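All remarks here apply to the structure that follows.
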Amino acid sequence: MIKVGKHRRTLLRVGALAKIARLKSRATKSRNAGVPQTMRAAAIDRFGGPEVLTIHELPVPAAGAKEVLIAVDTAGVGSWDADMRAGWLPDGRRPKFPLVLGTDGAGVVAATGSSVRRFKVGERVYASSFNNPKGGFYAEYVAVRGENVARVPKLLDLKLAGAIPATGLTALQGVDDALHLRKGETVIIHGASGGVGTLAVQFAKLRGARVLATASGRDGKALVRRLGADAVVDGKSEDIAAAAERFAPDGIDAVLAFVGGKSLERCLDTLGRGGRLAYPNGVEPVPRKRPGIKTTVYNGEAGVREFQNLNRAVEAAKLKVPLEGMFALADAAKAHKRLAAGHILGKVVLRIKSRRG
Ligand SMILES: NC(=O)c1ccc[n+]([C@@H]2O[C@H](COP(=O)([O-])OP(=O)(O)OC[C@H]3O[C@@H](n4cnc5c(N)ncnc54)[C@H](OP(=O)(O)O)[C@@H]3O)[C@@H](O)[C@H]2O)c1
């Protein structure tokens, strides 16, 4: 055995560490190839109306070891983004301005952190990250934790994929994890013409449930019928109880609600004892508790398993993704005005065309 003096051992260790650092830095550089220093983003410098959303030139966020840097193609625009723009503090803390909004979207992997092994640069991905600490999806680039990212199902292009991460996870988890809907059960999907509801109708049908959808307006009713609902009632102007009586004379098994208030109470009147109700946080006013009704309030969660489930369901359902409107990144304020005007059938998205192609 060759004896190595203490000084020489230290030199060897320093040499080895330097080599590892050189290799690591080369790997990081190759991963980041082509990523610019700055990007365009729709951000706010203060809380307020849609007009506070303006285009900023900001540094591209660096992907941490466990993060994926996504060159964003399409970002979802949700009512929760508008709430944050107006001053809602989801974690109770004031954000650092400028704040880039946007909870979800789709794009192409631009770089990966050193411990991310699941993705390669150039892959088509979609992701959901609520209140993302490194900034949201209304930007040319976003850095997201790897477990919140998944490959886009083959069926979807980036425009449609960008519309569904948050709403798709929320719709599917309502059907599967909160309600455990089974074949042959009857369910009212309340508020079925919106972003989450249009997807929930299709997932409930995929599980074999019989769906009575409540929608808004003649166009909303026509949309959810096209998406596969067995029966449809206008939850704003028609009699939900009468429609439910015709649909399921022995009572409804479950309600999945995306709208609150009096109309939701009418839906709950149709449940028999042992009926189930599920709704995601954000649905307001929240319904009063009813004895004998199992109520589950939940959040749409992102994760590796959650996205696997979503991808399987998207493919199996041959999911249709209705879009209410598409806006350019520079028109993010207009997209928020459209949201505020109401009657959103499906989803509003931002198309984020990078200047660098
Ligand atoms: N916690 C979570 O993880 C999570 C995630 C996603 C969503 N959410 C919550 O889920 C809810 C739904 O979100 P969303 O994006 O789907 O909202 P949305 O796009 O506004 O959908 C609501 C739909 O319901 C319709 N509607 C309103 N009143 C109705 C009534 N009485 N009967 C029948 N339909 C009615 C609306 O039509 P009009 O616009 O014409 O009224 C709209 O088409 C929101 O409260 C949101 O905050 C929570």
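Just one of the listed residues (LYS262, LYS205) is among the basic types (Lys, Arg), at pLDDT 95 or above and within 21 Å of LYS347 (Cα to Cα), namely LYS205. All conditions but one from (1) in a loop (DSSP other than H, G, I, E, B); (2) farther than 23 Å from ARG151 by Cβ apply to ALA333; the one that does not is (1).
For the stretch 89-102, the set of residues classified as part of a loop (DSSP other than H, G, I, E, B), under 20 Å from ALA75 (Cα atoms) and within 20 Å of the chain's Cα centre (by Cα) consists of PRO90, LEU101, GLY102, listed by residue number.
Here VAL125 meets each of (1) in a strand (DSSP E or B); (2) within 16 Å of the ligand (Cβ to nearest atom) with one exception, condition (2). When you check ALA166 against the structure, is it part of a loop (DSSP other than H, G, I, E, B) and within 13 Å of the ligand (Cβ to nearest atom), yes or no? Spelling it out, it is not the case that ALA166 is part of a loop (DSSP other than H, G, I, E, B) and within 13 Å of the ligand (Cβ to nearest atom). Taking (1) within 18 Å of THR170 (Cβ to Cβ); (2) crowded, with 24+ Cβ neighbours inside 10 Å; (3) not acidic (Asp, Glu) in turn, GLY235 satisfies each apart from (1). Filtered by the rule that a residue be assigned to a loop (DSSP other than H, G, I, E, B) and either within 14 Å of the ligand (Cβ to nearest atom) or crowded, with 24+ Cβ neighbours inside 10 Å (or both), the stretch 177-198 gives LEU179, LEU181, GLY191, ALA192, SER193, GLY194. Taking the criterion of being surrounded by fewer than 17 Cβ atoms within 10 Å (Cβ to Cβ), within 16 Å of the ligand (Cβ to nearest atom), of a type outside the set (Val, Ile, Thr) and without any contact (Cβ under 8 Å) to a residue 40 or more places away in the chain, the residues of the stretch 261-315 that qualify are GLY261, LYS262, GLU265, ASP269, ASN281, GLU284, PRO285. Candidates in the stretch 340-349 are the residues that are more than 8 Å from the ligand (Cβ to nearest atom) and surrounded by fewer than 21 Cβ atoms within 10 Å (Cβ to Cβ); of these, the one that is nearest to ASP104 (Cα to Cα) is ALA340.
Restricting attention to the stretch 157-175, which residues are farther than 17 Å from GLY197 by Cβ and either under 8 Å from the mean Cα position of the chain (by Cα) or surrounded by fewer than 24 Cβ atoms within 10 Å (Cβ to Cβ) (or both)? Correct list: ASP157, LEU158, LYS159. On the given criteria, is LEU310 in a helix (DSSP H, G or I) and within 18 Å of the chain's Cα centre (by Cα)? In short, yes.
So which residues in the stretch 212-254 are among the β-branched types (Val, Ile, Thr) and more than 12 Å from the ligand (Cβ to nearest atom)? If you could, list the steps in order and put the result at the bottom.
Residues of the stretch 212-254 among the β-branched types (Val, Ile, Thr): 214, 224, 232-233, 240, 252.
The answer is ILE252, and nothing else.
On the basis of being touching a residue at least 40 places away in the same chain (Cβ under 8 Å) and in contact with a Pro (Cβ under 8 Å, 6 or more places away or on another chain), does ALA257 make the cut? Here the answer is yes, as ALA257 does meet what is asked. Scoring VAL211 on the criteria (1) without any contact (Cβ under 8 Å) to a residue 12 or more places away in the chain; (2) assigned to a strand (DSSP E or B); (3) among the hydrophobic types (A, V, I, L, M, F, W, C) leaves a single failure, condition (1).
The values are calculated or read from the model by the stated rules, or taken from the named source; none is laboratory data. Every value quoted in this text rests on a predicted model; they were computed, and no experiment measured them. So basically every Cβ, Gly included, is an ideal-geometry build from the backbone, and we count neighbours across all protein chains shown.
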